Each structure stands twice: as C-alpha cells, then as structure tokens.
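Only one structure is covered here, and it is reproduced in the block below.
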Amino acid sequence: MNNYCLEVIRADLTQTRTIELPGPAELTLAHGEAVISVKRFGLTANNITYGVAGDIIGYWQFFPAEGDYGRIPVWGVGTVIDPGQTDLKAGDEYYGYYPMASYLVVKPTHVTARGFTDGAEHRGALPPTYNQYSLMTAANGFDRQHDSHRMVYYPLFITGFVLDDYLFDHDFFNADKIILSSASSKTSFSLAFLLKRNRERHVVGLTSSGNKAFVESMGLYDEVVTYDTVETMDASSNIAYVDMAGNRKVLESVHHHFGDNVTCSCGVGITHWDSRDGAEPSNLPGAKPTMFFAPTQIQKRHKEWGPEKLQAEMQNAWTEFLDSVDGWVTINERKGADQMRETYQEVLHGAAPDQSFAISL
Ligand SMILES: NC(=O)c1ccc[n+]([C@@H]2O[C@H](COP(=O)([O-])OP(=O)(O)OC[C@H]3O[C@@H](n4cnc5c(N)ncnc54)[C@H](OP(=O)(O)O)[C@@H]3O)[C@@H](O)[C@H]2O)c1
C-alpha cells in the first residue's frame, strides 16, 4: 500500500485496521483545500487518551472515519505536496495535529509566516490550539535537529510547563507536598523537571512497582512511592495531587489516606485507561477532583506577560529540558504501516518508560 491510514474501533481501542487511501493525485480538491503529506509523528500514552476521551472531548471529530472506526490524532511533521489554490507553498513543512495517515487534506485560513489554521468545517467547533499548524522555520523557534523531540515531547512538556506555573500561581494550594501519579510518564516527569528547576517543594512520584527503578533513576522526585503503598506515606501535611494516571482506585486511596489534607486534586490524564472503575470522584474526602484545562492558564499568562515573554519562558525551559531528556529516555525511530500498527499496540498496552517512539511514513 502506498497511501494508508491506521484506524481503531472507537469502542475498543485494541482493534485496528489499516485502510488504503487514494493517491493524492487522484483526489479532487475543493476550492481552498491543500494536501499535506504526513512525514513523521510521535506516539505516547497521550495519543491513547485522545481515543479514550474521544467522545467526551470530541477528538474523533478532527479526522472523521466511517462507521465504528476512528482516527487517533498525533503530533507530527507534514510537507505540503499540493497547495491547490491556497496560500500554502509546495515543500513547506508544518508541525501540528495529524491522523496516522499518509496525508491530510486541509483548508488553510489565516496563513502567515507563523503558520495557518485548518478552517475545515468539521473542525470549526473544536479547541483552536489543535487546528493550528506551525511553519517549521528557525524564526518560529524550530531547531530541525530536534524534530523527533518536538513531536514526542513538546506537547507533553508544555503541559508540564503550564501545570508548574498553575501550581505556583495558586501558591501550591497551600500544600507542602506535590504528588504526581504516573510519575514515569513524560508529562509527569516534565512537570517534575520544572518543579525541581523552579520551585522549592517536596515532589513525590507515584508509579507502578515495575517502573519505580526508572523513576528513581531520573533523580527528579524527592520521593518515589508505588501505587500499592500509598497508605505508608506521612499523611499529616497538605498535599496537591496531580493525576496523570486517572486510575480511580489510586485516586480513591490518595483521597482516603490524606482526607482533608488534599487541598488540590487536579486531573490531567488517564494513562491507566483500562482502570476507570471505582468511586465517583465527587464523593471523595478532600478537595474535589477537577479536570485541568491548560488553555485557561495559557490565556491568563498571555494577557499578564504578553506573548513574547510567554514564548521566551517556554523556549528557555524547553532548551534546558532537551539537554537532559536523552539521558532518561531513548527515542526509537520506526517506519511504515506495519511498524506504526505494532508501535500503537505497544504504547496502548504500556511501553517501557525509558523508550519513546517516532514513526516515519
Ligand atoms: N490535559 C492535558 O492537556 C494533557 C496534556 C498532555 C498530556 N496529558 C495526559 O497525560 C498522560 C500522560 O501522557 P504521556 O504521553 O506523557 O504518557 P507516557 O509517557 O506515554 O506514559 C507512560 C506511562 O503511563 C503509564 N501507562 C501507560 N500505559 C499504561 C497501561 N496500558 N497500563 C498501565 N499504565 C500505563 C505508565 O506509568 P506508571 O507506571 O508510572 O503509572 C507508563 O510508564 C496522558 O493521559 C495524557 O493524555 C494531558
């Protein structure tokens, strides 16, 4: 197959199919449409979460599929192969949100030297951040030596950046300790990296027993605790819980153990996507679990700091992170339809935390 797309059954993410797509030359583009060839993308638990939360947040609507199937979005790099009658230029490369497919048809609007917005009707009601594509120039902050890092880590690192700032902005909710679940995940260790860099707080990494040694080896957490030993922790001081795992049983054990000393319970992810049974979060002792919404904090800083300062802060932190991350995790380069499908299954079932994946098509 020269042109293909990986789809999953929306109600059962373990079931996939690879379908053949028509060649780009066979497409009849509507006025204002262009074709971008998807070259490479990263794949982590974050993408699995897009599938798990597909119906709630609308992730399935970015790249609609037929029947029971859905197309999971990924962060990647694409090249314009047919600009149609748009302001895009053939050969220009864009970083953004793509399906796991050979190409994407877009309807570019607001085309500038920074990038464009996909104005396709079916994406109109979705969060604007995901509809923006950045032109990969040095002026736009792209260091092309780090394309794989950008695809794999950047969206997760920026979430860590915003969380670090959010906690600081709320005076850490008067907590003495910050506990991060799925401490081995890239989003959690990005946050742990930033808390260590920026703040003097005691940070606890909560992880599975199989990943404890890895989490300890990173040296980012003051303490590493496994999910089955939450009850052994000192519960006398206030804690802020930042939940990347979304595991209801773990959430329950943290809230019951720390009780009213849970001053913040911030839901960010669901890496434990198959462990969602358990008590309704609203019935737990301590602060009510709430979902974190990064754009709110970004917009706040946009207003307070201005876009230049915000961008510079992110860029400085990212550059420092790049100096360290290869010492913790190896990026595996994979290629083609078969390896894409195999890697998806590997990530779905919980890949080793010291390995990450960049797929080329
Ligand atoms: N709300 C937002 O804006 C936002 C933004 C970015 C990321 N996130 C979320 O943050 C979470 C982390 O994403 P990531 O890409 O950083 O993850 P990642 O690095 O791929 O996470 C890997 C870790 O997740 C746990 N895990 C993964 N698959 C599992 C499975 N099948 N069973 C049990 N544990 C599993 C394991 O950690 P442990 O053993 O340590 O639990 C594993 O080491 C995702 O849910 C993502 O959606 C949210």
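Odds and ends about this structure:
- Amide H contacts of S265 (H built 1.01 Å from N, under 5 Å, at least 5 apart or other chain): Y241, T290
- In this structure Y94 has an accessible area near 10 Å², from a 1.4 Å probe over the protein heavy atoms.
- In terms of distances greater than 20 angstrom between alpha carbons, the cross-link table entries K89/K335; K39/K89; K177/K288; K212/K335 yield K89/K335; K212/K335.
- Beta bridges per DSSP, both residues in segment 156-295: antiparallel share near 0 percent.
- Dimensions (Å) - segment 156-295, Cα atoms, principal axes, largest first: 35, 33, 30
- Computed as a quarter of the hull surface, the mean projected area of the alpha carbon convex hull for the chain stands at 17.5 nm².
- In sequence order, calculated HN-Hα J values of segment 246-261 (Karplus, 6.51, -1.76, 1.60; Hz; x Gly/Pro): x, 7, 4, 5, 5, 4, 4, 5, 5, 5, 6, 6, 8, x, 5, 6
- Charge tally around I36: other residues with Cβ under 13 Å, Lys/Arg +1 each, Asp/Glu -1 each, net -1.
- Beta bridges by DSSP in the chain, antiparallel share as percent, to the nearest 5: 60 percent
- Set of lysines with alpha-carbon distance to K300 below 21 Å, sequence-local pairs under 8 removed: K309
- Longest exposed-site-free window of the chain, the sites being GluC sites (Glu not before Pro) in a DSSP loop that have at most 10 other C-beta atoms within 10 Å: 201-361
- Heavy atoms of W305: accessible area, 1.4 Å probe, square angstrom to 10: 70 Å²
- H302 - accessible surface, heavy atoms, 1.4 Å probe, Å² rounded to 10: 90 Å²
- Rounded to the nearest Hz, the phi-derived 3J(HN,Hα) couplings of segment 329-341 under the Karplus curve 6.51 cos²θ - 1.76 cosθ + 1.60 (θ = phi - 60°) are 10, 9, 8, 8, 8, 10, 9, x, 4, 5, 5, 4, 5, where x marks glycine and proline.
- For the chain, the 222 nm mean residue ellipticity estimated from helices alone, with every DSSP H stretch of n ≥ 4 adding -39500 (n - 2.57) and the total spread over all residues, rounds to -9500 deg cm²/dmol.
- Remark: segment 156-295 carries a charge dipole of roughly 320 debye about the Cα centre, counting +1 on each Lys and Arg Cβ and -1 on each Asp and Glu Cβ.
- Backbone geometry of segment 307-322 corresponds, through the Karplus equation with coefficients 6.51, -1.76 and 1.60 at θ = phi - 60°, to 3J(HN,Hα) couplings of x, 5, 5, 4, 4, 5, 4, 5, 5, 5, 5, 4, 4, 5, 4, 4 Hz, x marking Gly and Pro.
The values are calculated or read from the model by the stated rules, or taken from the named source; none is laboratory data. Remember, it's a predicted structure, so these values are computed and weren't measured experimentally. Every residue, glycine as well, gets a Cβ built from its backbone with ideal geometry; the counts of neighbours run over all protein chains shown. Surface accessibility is based on the protein's heavy atoms, side chains included, excluding ligands, DNA and RNA. Shrake-Rupley method; radii C 1.70, N 1.55, O 1.52, S 1.80 Å.
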